[in-house]
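Note sheet for the following structure.
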Amino acid sequence: ELLTRAEPRYAAALAAFLARFDFGALSLPDALRLLFAALRCPGEAQKIDRLMQAFARSYFGDGHAPFRDADEVYAVAFSVMMLNVDQHNPSVRSKMSKLQFVTNTRRAASHVPADYLG
């Protein structure tokens, strides 16, 4: 949780931590798995947001198609993370369908092809 604090020095530390990963050959889901295997996801929404924004910048910086910018990576990565929660949290009774996931994600990242999302 230390790396996701709001102060600039922690943002720099998070960026340095993420720079140690080589996301170049990884799909977005595999990159997220690698990230979350290396650290515990913070519980606070603002900290999760900072982590996901930093991840998106790092992943995009490693040059991944079909993303136009780090904002699209962020939108899709966050959507994938929410899908994981939806599918694996027993408290969620009505599970998201593949069509719902693709539709919802494309609202935030319209330039990402539907076939990339599933």
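Residues are listed down the side, and each one gets a yes or a no for (1) assigned to a helix (DSSP H, G or I); (2) under 15 Å from the mean Cα position of the chain (by Cα); (3) in contact (Cβ under 8 Å) with a residue 24 or more places away in the chain:
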residue	(1), (2), (3)
ALA6	no, no, yes
LEU14	yes, yes, yes
LEU51	yes, yes, yes
ALA56	yes, yes, no
MET81	yes, yes, yes
PRO90	no, no, no
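Out of everything in segment 55-74 that is of a type outside the set (D, E, K, R), modelled with pLDDT of 95 or more and open to solvent by 20 Å² or more (accessible area, probe 1.4 Å), what residue ends up being farthest from PRO113 (Cα to Cα)? Ranking the qualifying residues of segment 55-74, first place goes to SER58. Looking at segment 35-49, is at least one residue loosely packed, with under 11 Cβ neighbours inside 10 Å and either touching a helix residue (DSSP H, G or I) at 6+ places or on another chain (Cβ under 6 Å) or part of a helix (DSSP H, G or I) (or both)? Yes, the conditions are met somewhere in segment 35-49.
The values are calculated or read from the model by the stated rules, or taken from the named source; none is laboratory data. Being a predicted model, the structure only gives us computed values, none of them experimental. Positions of Cβ are backbone-derived with ideal geometry, glycine not excepted, and every protein chain shown enters the neighbour counts. SASA here: full protein model, heavy atoms, side chains in, ligands and nucleic acids out. Shrake-Rupley method; radii C 1.70, N 1.55, O 1.52, S 1.80 Å.
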